[in-house]
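These notes are about the structure you will find just below.
The values are calculated or read from the model by the stated rules, or taken from the named source; none is laboratory data. From a predicted model like this one, the values you see are computed outputs, not experimental measurements. With ideal geometry, Cβ positions are generated from the backbone for all residues, glycine too; neighbour counts draw on all protein chains shown. Protein only, heavy atoms only, side chains kept; ligands, DNA and RNA dropped before computing areas. Shrake-Rupley method; radii C 1.70, N 1.55, O 1.52, S 1.80 Å.
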Amino acid sequence: MRTIPGSLVSLLVLALVPAAVSAQPGGTTPPPAPWPPPAAAPAYPAPTYPAPYPASAYPAPAPAPAPAPAPAPIPVYPAPGPVPAPGPAPAPAPALAPFEGGEPDAAPEPATAPAAAPVPAPAPAALEPDATTVAPSPETAISESDERPRGFVPQLSLGGSVGLLHMGSADVGNVGQLRVGLHGEYFTGSNFLVQSESPPASDRNRRLQGALAFGVTPIEHLEIFGAVLGSANENRRLCSTDLSGQEVCVSEANRTDPELIKSFGDLLLGAKLAYGVGPGFSAGGELGVRMMSSINGISFSPDSTSFWVNALGAYDLKPAREDVPLRFHMNLGYYVDNSRYLVDYDANGTSAFSRYVSQFAYGISGSRFRLALAADAPLHELAEGFSLRPLVEYHFEYLTSSPDPEIDRQQHVVGLCGQPGNEACKDNKDQHWVTLGVQGQVLHGLTLTVGVDVALRSPGYAYGPALAPWNLLFGLGYALDLVPRIVRHVPVEKVVIKEAAISEGLVAGRVVSAAGTPVENAIVGVSGRQHSRVVTEADGSFQSVPLAPGPVELVVVADGFESATMRTEVIAGQTANIVLRLTPKPPAARASGRVSDDSGKGVVATIKLAGPQIAEGKSDESGNFAIPVAPGVYTLRVDAPGFLSKESQVTVADGREGGVSITLHTRPAVAGVSFKDGKFKLRQAVTFKRVRGKAGPELTAGMPHLLDEVVDILANHPEIRRIRVEAHWDGGIAASKAQALTEAQAKAVAKYLVEQGIAPERVVAEGMGAKKPIVPNLGKGKLKNRRVEFVVVE
C-alpha cells in the first residue's frame with residue numbers, strides 16, 4: 001500500500017473552508033476581486049464620452065421673435081471622471097459618469113420643456129446618439145461596486161490547470177489569482193474486472209479517488225498549477241450466493257494483490273502558456289509531470305515519474321454573437337507514462353488477474369496519444385451571485401506501449417479468451433469516453449461541480465486497465481484574487497437613456513511596473529489616432545476615450561520606464577480591461593576605460609562584464625570603450641586576437657563611469673605555460689632576482705610575460721575557482737630560512753596575478769620550504785628543487 005501522510009491534504013482543505021465561508025454575505029473579510037474589473041454587463045450603461053464638441057461644430061440657431069422659447073435640448077454626454085485618491089474625495093469634473101458594468105439607477109421621466117422653434121443642430125457623426133433623450137435629475141446617487149467577482153470565474157480541472165473537468169483550456173485566468181479545488185471520483189460495480197464461468201462468480205469493485213488542485217497566474221499568459229492525488233480501491237473476487245442466500249467471496253489461490261489498495265501522495269505539477277490569437281480564438285501549450293509515490297517507501301518512485309505535453313485551442317462565439325455564450329475547446333498531446341515501473345510484477349510472479357486489478361487500482365497504463373474535444377456554455381449571473389456552466393467532453397486515447405506479457409500469454413495461450421464458450425480477446429489499443437457535467441457558482445466565487453464519465457470503449461486487457469462503465473465526479477473550488485480590486489464610489493447624476501445606439505467601446509485598466517507597483521502620470525494613447533491620450537491616476541488606473549470596435553494598439557510612455565505597446569480588442573458597448581507592465585530604463589552608469597598593448601597603442605578588443613548584470617561591448621580603434629550597465633562590482637574580461645586574455649575588477653557607480661586601464665601582452669609563438677587535464681605545466685621555471693649573491697623574493701625582468709600566460713589561462717577557464725601558488729627550495733640553506741624565503745616568493749607571484757585582474761579569492765600563496773624535493777639535494781641537480789608550481793585547489 002502506498003502511504004504518504006495525509007496531513008498536507010488535511011491542512012489545505014482546512015485552509016480552503018474559511019476562504020469559502022468568508023465569501024458569504026455578512027462575512028468579516030470578503031474575498032478581493034480580480035484586477036482588472038470584469039467586463040461591463042451586456043446592458044451597457046451610459047458611455048463615458050468626452051465633453052461635447054465645441055460650440056463651433058454646431059450651426060448657430062436661427063433668430064426667433066421675442067420672447068424666444070428655450071432651445072431644443074441637445075443630448076448630453078458625460079465625460080470620464082478621475083478615480084478618487086485616498087483621503088477626502090476631490091470635487092468631480094463636470095458631467096462625470098463612471099464607465100462600469102451594471103444598470104443605472106432609474107430616473108424620473110423628463111419634464112415637458114416649453115415649445116421651441118425648430119433649430120438644426122446635427123450631432124457629430126462619430127457619436128451617433130440616435131433618438132437618445134437625457135434628462136438631469138435633481139437627485140444624485142452613489143455608484144457602488146463590491147469586491148466580489150461577477151460572472152463565471154475560471155475553474156481548475158481535475159488535473160489542476162484552468163479548464164473543464166478532464167482537460168485544460170487555452171485560458172490562464174486573471175493575473176494574481178489563486179485557485180484551489182477539491183475534487184472526488186466514485187465508482188462501484190460488479191462483474192467488472194474478474195469473472196469466472198465455472199463456478200459462476202464475479203468480482204465486486206469500489207473505487208474512491210480525490211485530488212486537491214491548485215493554480216496561480218503570476219503574470220499575464222502564464223499559469224502554474226498542480227494537484228495532490230489519492231485513491232482507494234476495493235476488489236472482492238469470485239463472489240457468489242450460497243444456499244442460504246448470503247454472498248460469499250473467495251479469491252483465487254494465487255492472488256497477490258490485497259483486497260484494499262490505497263494510494264496517497266501522487267503529485268502533479270505543470271505550467272501553461274495561453275495567448276489570444278484573434279477575435280474569439282486563443283491558443284496555448286501545457287507541460288506537466290506526475291510523480292508517483294513509492295509502494296514500499298515514503299518517497300516518490302523516480303522510475304515511475306511520467307510527463308505530458310499538450311497543445312491547447314479554444315474558440316468563443318460570444319465576441320462574434322453576444323447572444324450565444326458557447327465555447328469550444330481542443331486538446332492534442334502525448335503522455336509519456338512510466339507508471340508500469342511502479343510494481344515489479346515479474347519479480348513477484350503476479351498472476352494476470354492480480355496484475356489487472358492492481359493496474360486499475362494504481363492507475364497504471366501505457367504511453368499514449370491524447371485528443372479531447374469539448375464545449376461549454378458559461379451562463380453569467382442567472383441570479384444575484386449565481387452563474388452556471390454546463391459542459392460536455394469527448395476523449396480519445398491511443399496506447400503506444402507494448403502489451404503486458406503475462407496477461408497477453410494467459411489470454412491467448414492458456415485460453416482465457418477466444419476459446420469456444422469464451423468471448424473474443426480484446427487487443428485494441430484505443431479507448432474512448434465522454435464526460436457530462438455542470439458547474440454552479442454561488443456566492444460570487446464558490447463553485448460546485450458534478451459530472452459523470454461514460455465509457456464508450458476500453459483498451460485490450462493486455463494494454464491497459466478497463467474504463468469504468470461510469471464514474472461519478474464531484475467537487476468544489478474557490479478563486480482568491482491576490483491583487484485586490486479598486487472600488488470606486490463616485491457621485492453621479494441620474495440620467496435616462498432611451499434606445500441609445502452604442503457603436504463604440506472603451507479600454508480601461510492599470511499601468512504598473514514590473515514589480516507590480518502603480519505608475520502615476522503615465523501617458524496612454526492609441527497608435528494612429530490623434531487626441532486619444534489619457535494620463536494614469538495615482539493608482540495607475542486609466543480609461544480611454546470611446547473607440548471604434550476592432551483591434552487597437554495602445555502605446556504607453558512614462559518617465560523612467562521603457563515605452564511599451566499592447567494590442568487588444570474593442571467591442572461595441574463593452575470595456576476591455578487590461579494591465580500594462582512597464583520595464584524600468586537601465587541606469588545611466590557606464591563601465592569605461594582603455595585597452596592598449598605594451599607600446600601604449602590602442603587595441604580593438606571584446607570586453608565582457610559579469611556582475612549585477614551580464615554585458616558585452618568592444619573597444620574602438622583607439623582602445624576606448626564605454627558600456628552601459630547597472631551600478632555594482634563587475635569582473636571585466638578582455639579578449640583580443642593575438643593577445644593574452646586578461647581580467648580586471650571594476651566598480652561602477654550610479655551616474656558615473658567606472659574607468660579602468662588595461663594593458664594586453666602579445667601572445668608568444670610558443671606557450672611557456674599550458675593547462676591540460678586540470679594541471680599547469682611550465683616550460684621554463686619562475687626565477688627571482690639575487691640580492692648580494694643570494695636569492696630573493698623579487699621576480700626577474702622576464703617573469704611578468706610568463707605569468708601573464710597564467711593570467712590568460714585563468715581568464716579562459718572560469719571553472720578553476722581557486723589555485724595554490726607553491727614555492728619550493730633546495731636543502732642548501734637552513735629549513736627556517738628556506739620556509740621564509742619560499743613564503744615571500746609565493747606571495748610575490750600571487751600578488752602579480754592579483755594585480756593583473758585575477759580575483760584575490762582565486763589565488764592562495766603557500767611557501768613549502770625544502771620539504772618536497774623532486775630530486776636528491778646533491779650537487780647542481782638540487783637546483784631543480786628551486787621551483788614554483790600552480791596547483792588547482794577547486
Which is in contact with a helix residue (DSSP H, G or I) (Cβ under 6 Å, 6 or more places away or on another chain) and of a type in the set (Asp, Glu), of Asp242, Asp303? Asp303
Quick one: would you say Leu741 is free of Cβ contacts under 8 Å to residues at least 40 places away in the same chain, open to solvent by less than 60 Å² (accessible area, probe 1.4 Å) and part of a helix (DSSP H, G or I)? no
Restricting attention to the range 609-630, report how many residues are open to solvent by 20 Å² or more (accessible area, probe 1.4 Å) and either touching a Gly at 6+ places or on another chain (Cβ under 6 Å) or farther than 22 Å from Ala653 by Cα (or both). 5
I want to confirm something. Restricting to the range 345-362 and keeping residues that are small (Gly, Ala, Ser) and open to solvent by less than 60 Å² (accessible area, probe 1.4 Å), which single residue is nearest to Arg290 (Cα to Cα)? Ala361
Evaluate the range 328-344: report whether one residue or more is open to solvent by 20 Å² or more (accessible area, probe 1.4 Å), aromatic (Phe, Trp, Tyr) and modelled with pLDDT under 90. yes
With the requirement that a residue be open to solvent by less than 40 Å² (accessible area, probe 1.4 Å) and at positive phi, what does the range 516-571 give you? Gly516, Gly540, Gly550
Scanning the range 591-608 for residues that are out of contact with any Ser or Thr (no Cβ under 6 Å at 6 or more places or on another chain), assigned to a strand (DSSP E or B) and surrounded by fewer than 21 Cβ atoms within 10 Å (Cβ to Cβ) gives Ser592, Thr606, Lys608
Go through the residues of the range 563-570 one by one and say whether even a single one is free of Cβ contacts under 8 Å to residues at least 60 places away in the same chain, among the β-branched types (Val, Ile, Thr), touching a strand residue (DSSP E or B) at 6+ places or on another chain (Cβ under 6 Å) and under 30 Å from Ala522 (Cα atoms). yes
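Could we say that Val556 is touching a Leu at 6+ places or on another chain (Cβ under 6 Å) and closer than 19 Å to Pro584 by Cα here?
When the stated conditions are applied, Val556 passes them.
Regarding the range 307-314, can at least one residue be identified that is under 21 Å from Tyr186 (Cβ atoms) and open to solvent by less than 50 Å² (accessible area, probe 1.4 Å)?
No, the conditions are met nowhere in the range 307-314.
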Restricting to the range 677-699, count the residues that are among the polar types (S, T, N, Q) and open to solvent by less than 90 Å² (accessible area, probe 1.4 Å). 1
Checked the range 163-198 for anything more than 26 Å from Leu373 (Cβ to Cβ), open to solvent by 50 Å² or more (accessible area, probe 1.4 Å), of a type outside the set (S, T, N, Q) and in contact with a strand residue (DSSP E or B) (Cβ under 8 Å, 6 or more places away or on another chain); matches are Leu178, Leu182
Report the residue count in the range 749-788 for those that are open to solvent by less than 60 Å² (accessible area, probe 1.4 Å) and assigned to a strand (DSSP E or B). 6
Exactly one of Arg581, Arg594 is under 27 Å from the mean Cα position of the chain (by Cα) and not aliphatic (A, V, I, L, M), and that residue is Arg581
For the range 210-238, how many residues are open to solvent by less than 20 Å² (accessible area, probe 1.4 Å) and assigned to a loop (DSSP other than H, G, I, E, B)? 1
Does Arg207 satisfy the condition of being in a strand (DSSP E or B), over 30 Å from Asn577 (Cβ atoms) and open to solvent by less than 40 Å² (accessible area, probe 1.4 Å)? yes
Yes/no for Ala740 being under 24 Å from Lys681 (Cβ atoms) and of a type in the set (Gly, Ala, Ser): no
Hey, Phe561 hits all of (1) over 12 Å from Leu580 (Cβ atoms); (2) in contact with a Pro (Cβ under 9 Å, 6 or more places away or on another chain) but one; which does it fall short on? (1)
Tally the residues that are within 30 Å of Trp308 (Cα to Cα) and either of a type outside the set (D, E, K, R) or modelled with pLDDT under 70 (or both), restricting the search to the range 399-424. 7
Look at the range 261-306 and say how many of its residues are over 21 Å from the mean Cα position of the chain (by Cα), open to solvent by 10 Å² or more (accessible area, probe 1.4 Å) and of a type in the set (A, V, I, L, M). 2
May I ask you to verify whether Arg368 is open to solvent by 10 Å² or more (accessible area, probe 1.4 Å) and within 28 Å of Arg204 (Cβ to Cβ)? no
